[in-house]
Every structure is written in structure tokens, then in C-alpha cells.
1. For Lys380 and Glu111, compute 0.36 nm times the residue count separating them, minus their Cα-Cα distance, and round to one decimal in nm.
2. May I ask you to give the solvent-accessible area per residue for segment 184-325, in square angstrom, as obtained with a 1.4 angstrom probe?
3. Would you work out what percent of the accessible area of segment 51-95, with all protein chains in place, is carbon or sulfur (probe 1.4 Å)?
4. Computing the accessible area with a 1.4 Å probe over protein heavy atoms, can you report the carbon and sulfur percentage for segment 210-281?
5. When the gyration tensor of segment 243-304 is built from Cα positions, what are the square roots of 5 times its three eigenvalues, in whole Å, from largest to smallest?
6. List the residues, sorted by chain then number, that are 5 or more residues from Ala236 or on another chain and whose placed amide H is less than 5 Å from its amide H.
7. State the extension gain, in nm to one decimal, for the chain segment bounded by Gln318 and Asp350, taking 0.36 nm per residue of separation less the distance between their alpha-carbons.
8. If you roll a 1.4 Å probe over segment 103-196 with all protein chains in place, what percent of the accessible area is carbon or sulfur?
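The values are calculated or read from the model by the stated rules, or taken from the named source; none is laboratory data. Bear in mind the structure is a predicted one, so any value in this text is a computation, not a measurement. Glycine gets a Cβ as well: all are built from the backbone with ideal geometry, and neighbour counts include every protein chain shown. Heavy atoms of the whole protein, side chains included, go into the accessibility calculation; ligands, DNA and RNA do not. Shrake-Rupley method; radii C 1.70, N 1.55, O 1.52, S 1.80 Å.
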Amino acid sequence: MAMIARRSKSSVPLLHEVLFSDHPLPCSYTQRQTYVDVYMKWKKDSFFDSIDTIHRSVQLKPLIALKNCIVSSSPNDYCIPISVISKKGLELGIPIKVARFLRLYPSVFEEFTGPNYNLPWFKLTQRAIELDREEREVYLKFKDDIILRLKKLILMSGREQMLPLKIIQGLQWYLGLPDEFLRKPEDNLGGCFRVVEIEDGLKGLAVNVDGSERFLSVMQMNAMKRGVYSGVDGEAIEFPLYPSKGLRLKRKIADWFDEFQKFPYVSPYEDFSDLDPNSDIAEKRVVGVLHELLSLFVEHAAERKRILCLRKYLGLPQKVHKAFERHPHIFNLSLMNKTCTAILKEAYCDRGAIEEHPLAKVRKRYIKLMKESEGILKRKRFNNRPIDQSDSNIKDLDCTDDEDKKFTT
């Protein structure tokens, strides 16, 4: 494992002098920087690479978008001719032909011949219809919870308390927001949200909050439950650590982690304008923001490039991606599906620590239904194989072309 660390000079009292002072304020640490320029070689963790709810999202996201398109076009019959959606592949995030994508999931989409011109039509299977109803019930029952997650995301923007709608739309899947919430936000999200005009003619979504209302992060709430945090500014909260198997840190870096944990915790919902961006306390705030952000998401994970889009608005440094690398006991980076996905370890290593998103169970059922398509297609290929060919000429039943593998595995 490769580690690089750089120690910078300090012009303020040492750590123990501040920790044991009468008023250990966060600003006391803002000029101190120890080992923050750390590079760690990426290490694969098979456990996190095997989580279906995270890595099958690549297929599930366009599948649900297509399902929603069918439901909105035909809310009574749940069927649609291929001609209506064949040109919407780009809009729905489907990188292959729409008809081919539909045929990859016969457990969700059932094909039949239409009434005119023998054109192919597709309808939702009965189990897909039931899941759609269950999903809509979740949106109705847990609307306040889902809206609160969006509200917290916007409040992490600091004094602005506003994010561009374009940025929120890019995170819609991770937040579990239904399409109609962002089509007419002022009608669907409640009175505390308002649409505002920002630069370049773009629109943003702002939040109105009562000045006396205080929002606590997951870290703060869990620390209070453990009795190690009273809510006073400047208190230290240690991040739960979950080392991956075979991941060992050099003594120098391990000592830095121990010291890092003792710094005060700065809530993602607090003002951070007075922090020195090059200090350890600012580094701890960045880790806290990333921890809280991932805790709001459905799978407690997201593509790293999506998080980087928030850099400007959440007060994150230019090289915020390095925070994931410097804290491998808190975050995991997975390179599955030819992208880099940041995963919050605590959500999967301590199930009771972070509240499950209301939509999580429904998505698991969608994935289970999707996986049944693999067996259906395999049996179909077996039944359609030529009988008069020798075994040596019969194509391996598990083999599909590259595109089919991409969307069924």
C-alpha cells in the first residue's frame, strides 16, 4: 500500500494545549495542518463490489424511467406501442435500442402483437404493476421524509441555502425523488421551498427555515445516543471506522488518523466561512459533509463524479475526491460498471447506525424481479436451440453478446 504524507508548519499552539483549554473552539484549529496531503493506493473490497442495490442501479435507473413512461402514457392498461418510445432512448438514459432493452427484462415488460399492422407492443407484467403501486404508496406515505432529505441537502450549501435545479435533478435518483416533485417543486414540495433565478438564466431551489430551527447530522444524533456528545459547539465526534480486510496503514498515517479524530466536529449545517480550507479541522468538515451526504441517499452511495458537481455549492475543496482516498476506513471506492462509486461503509457495516431510505426496499424488489429475467431468457434460448446440431456446434447457453451482458449482469 502506497502512502504519501506531507507535514506543514504550524503557527498556533499544539493540539494538547488547545484540547485542554477552557474553551476549545473550532477556530483554534484553523491554522493547524498535519497530515492532510495523503495518497493511498486504491484497494478492492469484494464485499462492497457485490452489493446489488448499488451496482445494479445502472440497469435499474433506465428500467424505472421506462416503466414510468409506460404508466404515464397508459395509466389504465399499462401498455404502449414501441413506436411511441423507440426514439426516447437518450431521454430515458438507455444506451441501446429501446426495443432491445425491453426484451432484456421479460419479467418486467411483456411483448405482444398490437391491434394494427402487427407492430410490437409492450406492457408491464402483473408483478411490475404491483411494484409500481407499492412504489407510489411509499412516495405518498413517506413524502415528508423524502422532502426532508432534499431540504437537508440544500441546507448544506451554507448561507446561500440554495442549489441549482440542474444539480438537484442530477441527484434525483440518489435522493429517491419522484419526477413530479421537481416538475412543479413549489406545488409538490411545500411552502418552505421556492424557485429562484440565478446567474445565466438558470433556476435554483431555495429553502426557507426558521432561524431557531437546528438540524443535526447523522453523526451528531448517533453520538448523542451513545452519550458522547452534548450538542455544544467545538465538541469532538469520532467517525466510526470499518477497515477492509488486508488494509493496513503505516504507523505514521495511523497516528495522524488518531489525532484527526480528536478535532472538533463541524456540522454540515453550520457556517464554515471562518475555517482555513488548508487545515485539519476543514478536512474533518469535508469528511463530515460527505458522510452526511451519502447518508441521505437511497443506497448510501453515489458516482463520485456526481458528488464533484456539488463542490462549489457545499464549500468543498477542488480536490475533494482525495478525501475518499485519505479515509478508506470510512468510505469505499468501487470501480464496478466502469465508473467510480463512493460508498459509505457505516451504512453496510452497522445496519442500525443510519436510517434506511423509505425507497430502499422497493428498489431491492425491483432488482430481484430484474434478475428473474436472466432465468427466463436462458430457458428461452434453451428451448429454441436447434435439435439436429451436434453438441459441439451448440452455442453456450450462458453466452450473450457484450451489450446483453452489460444490462443483465
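1. Details: separation 269, 0.36 × 269 = 96.84 nm, distance 1.40 nm.
Gain in length upon complete extension: 95.4 nm.
2. Details: 6840 Å² over 142 residues.
Accessible area per residue: 48 Å².
3. Details: 1050 of 1980 Å².
Carbon with sulfur: 53 percent of the solvent-accessible area.
4. Values: 1980 of 4010 Å².
For segment 210-281, the apolar C and S fraction of the accessible surface comes to 49 percent.
5. Details: eigenvalues 98, 81, 15 Å².
With the √(5λ) rule applied to segment 243-304, the semi-axes are 22, 20, 9 Å.
6. Tyr265
7. Working: separation 32, 0.36 × 32 = 11.52 nm, distance 3.08 nm.
In short, 8.4 nm is gained.
8. On the way: 2330 of 4870 Å².
About 48 percent, which is the carbon plus sulfur part of the accessible surface.
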